[in-house]
Amino acid sequence: MARSSAREQKAAQPALTAIILAGGGATRLDGADKPALEVGGEPMLVSVARAAASAGAGQLIVVGPERGGAVARGLAEVAALVAGGIVTVREAPPGAGPVPAARCGLAENRAPWVALLAADLPFLTGVWVAGLRSAASAAGRDGAVLADADGRPQWLAGCWRASALGPALARYSGQSLGGLLGPLDPLLVPAQDTRPPWLDCDDPRSLAAARAAYPDGER
């Protein structure tokens, strides 16, 4: 069997992977399958995956349960746009939290940059994802995260060097994303917009507000 050349192997490795955390119990939404909830006529998980693909991610890793219906159909459409496709993995035990989920997702990564994203960011776009990577690289930082209107970092709307994120996950024994990612001293990227890309729909009020941005129900 012929071996691929080093150039071919390098070309096959994506420059950016997106890890989308799509587990959790959505206790503030009465246990609903939050990533599958629609905003603007599309499940939020699918819209986040679409944003990552638009940003040039060559591999998408969804950490959470397999889903059918509109989510499965939407992800199949997005997968056709991504060279490395979409893989779904599950942290152990299921629902263990975002840090174990990030660790599980990173184990599948093959790229030097990783976008670590929540699955409930209905206003996230590829422009923002690509911008985070560019901003971190230009500043010589190990990561960049979106900052909300009060300047607070939104840990699940960021992009990281895998060479920094991997060791951080290996040595960290806690459960806090801030405790994991804060020591990496990421660049904070203000994101002031009428449809803020950092807005996560984790309760009925934020979900209703996001849906109200699409009065006709479609994007």
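The values are calculated or read from the model by the stated rules, or taken from the named source; none is laboratory data. All figures in this text were calculated on a predicted structure; none of them were measured in a lab. For neighbour counting, all protein chains shown are included, and Cβ atoms are generated from backbone atoms with ideal geometry for every residue, glycine included.
Of everything listed in (1) part of a helix (DSSP H, G or I); (2) over 22 Å from Ala52 (Cα atoms); (3) of a type in the set (Gly, Ala, Ser), the single unmet condition for Ser173 is (1). From the list Arg133, Arg211, Arg205, the one residue that fits, being of a type in the set (Lys, Arg) and either within 16 Å of the chain's Cα centre (by Cα) or part of a loop (DSSP other than H, G, I, E, B) (or both), is Arg133.
Note on region 88-97: residues that are modelled with pLDDT under 95 and not in a loop (DSSP other than H, G, I, E, B) total 0. Checked against (1) of a type outside the set (D, E, K, R); (2) outside any loop (DSSP other than H, G, I, E, B); (3) in contact with a helix residue (DSSP H, G or I) (Cβ under 6 Å, 6 or more places away or on another chain), Gly179 passes all but condition (3).
Considering only residues that are more than 12 Å from the chain's Cα centre (by Cα) and at pLDDT 95 or above, look in region 40-63 and name the one that is farthest from Glu218 (Cα to Cα).
Residues of region 40-63 that are more than 12 Å from the chain's Cα centre (by Cα), as a first pass: 40-43, 54, 56, 58.
Still in the running and at pLDDT 95 or above: 42-43, 54, 56, 58.
Numbers: Glu42: 8, Pro43: 11, Ser54: 19, Gly56: 24, Gly58: 27 Å.
Looking at the filtered set, the residue picked out is Gly58.
Within region 36-87, the set of residues being assigned to a helix (DSSP H, G or I), β-branched (Val, Ile, Thr) and in contact (Cβ under 8 Å) with a residue 60 or more places away in the chain comprises just one member, Val48.
Residue pairs whose Cβ atoms lie under 6 Å apart, separated by 6 or more positions or on different chains, with the first residue in region 139-164 and closer than 16 Å to Asp193 by Cβ and the second surrounded by fewer than 13 Cβ atoms within 10 Å (Cβ to Cβ), are Ala147/Pro190. Here Asp150 meets each of (1) crowded, with 17+ Cβ neighbours inside 10 Å; (2) modelled with pLDDT under 95 with one exception, condition (1).
Looking only at residues of region 136-170 that are over 20 Å from Glu108 (Cβ atoms), of a type outside the set (Ser, Thr, Tyr) and part of a helix (DSSP H, G or I), we find that the one that is nearest to the chain's Cα centre (by Cα) is Ala136.
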